[in-house]
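Below: the structure, in structure tokens.
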Amino acid sequence: MVLTAFKPAKDIQAATPTFLPLSLTFEHFGTAVAARGFWSFWRNSLLVAGGAVLLSLVVALLAAFAVARLRWKGRRGFILMVFVAQMTPWEALLIPVYVIARDTGMLDTLWMLTLVYFMITLPFTIVTLRGFLAAIPVDLEEAALVDGCSRAQAFRRVVFPLLAPGLLATSLFGFITAWNEFAFANVLIIKDQDDRTLPVWLSSFSNTFGTDWGATMAASTLFMLPVLLVFLVLQGRVTTGITGGAVKG
């Protein structure tokens with residue numbers, strides 16, 4: 001994909017293809033960036049993916065804490081329900097979600113798409129954060145309670161810093177899931193084409209003469225960059241956080 005993005009058009013469609021480009025060109029990137037709506041769809045993808053990740057982290061953190069630290073009636077049933085939701089193929093919910101969005105007037109809105117991605121990433125986030133919370137010794141939290149901290153203060157000052165690697169890891173996978181999702185974005189955004197996301201836009205990136213493969217590969221490369229950068233940035237922080245948490249424990 002990346003190599004094709006830098007190939008001249010004549011090399012892409014040559015009778016004898018070559019893996020490495022004989023010459024480099026940035027023309028395809030200019031075509032992709034100058035395409036109608038590119039930056040709007042880029043912004044839409046960032047807003048939807050980022051909003052879904054933030055919502056799922058907040059809700060999943062509360063749910064994971066209740067499951068990992070508290071004992072209450074129906075806890076095992078709740079955990080089982082989360083696992084079942086995680087195993088459910090979300091494509092099976094396309095039609096019900098579409099009907100709900102249509103009946104509530106939220107069709108063709110980024111808010112509905114954000115809520116759907118929040119629903120998709122929530123079970124995985126709960127399961128993952130529950131594992132990280134269970135790995136943090138309860139003795140640390142109890143020691144903070146003995147020292148005079150309330151439960152909220154003990155969580156904020158002791159548990160939350162040690163949980164940072166888990167939050168970063170889950171946010172990374174949640175962001176990748178929401179950023180790459182195509183089916184719901186294609187079904188829920190129909191009339192208002194300006195609210196489309198990058199995956200949907202990429203699928204229709206063509207002109208009257210057919211598909212511009214060079215520009216398509218260049219746009220796909222640009223689409224990949226945010227996820228790659230987020231992964232590279234968070235990878236170092238996750239590794240550092242895990243090491244620091246292990247030493248503190």
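The values are calculated or read from the model by the stated rules, or taken from the named source; none is laboratory data. Please read all numbers here as calculations on a predicted model, not as lab measurements. Every residue, glycine as well, gets a Cβ built from its backbone with ideal geometry; the counts of neighbours run over all protein chains shown. These area figures cover heavy atoms from the full protein model, side chains too; ligands, DNA and RNA do not enter into them. Shrake-Rupley method; radii C 1.70, N 1.55, O 1.52, S 1.80 Å.
Quick notes
- Of all residues in segment 28-63, those being at pLDDT 85 or above, of a type outside the set (Gly, Ala, Ser) and open to solvent by less than 20 Å² (accessible area, probe 1.4 Å) number 5.
- Qualifying residue in segment 90-104 (condition: within 13 Å of residue 171 (Cβ to Cβ) and either out of contact with any helix residue (DSSP H, G or I) (no Cβ under 6 Å at 6 or more places or on another chain) or in contact (Cβ under 8 Å) with a residue 12 or more places away in the chain (or both)): no
- Failed item in (1) more than 17 Å from the chain's Cα centre (by Cα); (2) part of a helix (DSSP H, G or I); (3) farther than 25 Å from residue 58 by Cβ, with residue 155 passing the rest: (3)
- Positions within segment 215-225 being open to solvent by less than 20 Å² (accessible area, probe 1.4 Å) and not small (Gly, Ala, Ser), in sequence order: 216, 221
- Among (1) among the hydroxyl-bearing types (Ser, Thr, Tyr); (2) closer than 16 Å to residue 62 by Cβ; (3) open to solvent by 60 Å² or more (accessible area, probe 1.4 Å) - the single one residue 170 does not satisfy: (3)
- Test: residue in segment 204-214 that is part of a helix (DSSP H, G or I), under 30 Å from residue 7 (Cβ atoms) and open to solvent by 20 Å² or more (accessible area, probe 1.4 Å): yes
- Taken together, the residues in segment 159-195 that are within 16 Å of the chain's Cα centre (by Cα) and charged (D, E, K, R) amount to 1.
- Out of 134, 92, 101, 85, one residue alone is crowded, with 19+ Cβ neighbours inside 10 Å and not in a loop (DSSP other than H, G, I, E, B). It is 101.
- Scanning segment 137-152 for residues that are open to solvent by 40 Å² or more (accessible area, probe 1.4 Å) and either under 17 Å from residue 60 (Cα atoms) or in contact (Cβ under 8 Å) with a residue 60 or more places away in the chain (or both) turns up 137, 138, 140, 152.
- The lone criterion from (1) farther than 30 Å from residue 199 by Cα; (2) at pLDDT 85 or above; (3) hydroxyl-bearing (Ser, Thr, Tyr) left unmet by residue 150 is number (2).
- When restricted to residues that are open to solvent by 70 Å² or more (accessible area, probe 1.4 Å) and within 23 Å of the chain's Cα centre (by Cα), segment 64-82 contains 1.
- Residue 24 vs. criteria open to solvent by 50 Å² or more (accessible area, probe 1.4 Å), more than 18 Å from residue 130 (Cβ to Cβ) and either touching a Leu at 6+ places or on another chain (Cβ under 9 Å) or aliphatic (A, V, I, L, M) (or both): yes
- Verdict on residue 127 being β-branched (Val, Ile, Thr), open to solvent by less than 70 Å² (accessible area, probe 1.4 Å) and farther than 30 Å from residue 199 by Cα: no
- Across segment 181-199, the number of residues qualifying as open to solvent by 40 Å² or more (accessible area, probe 1.4 Å) and in a helix (DSSP H, G or I) comes to 4.
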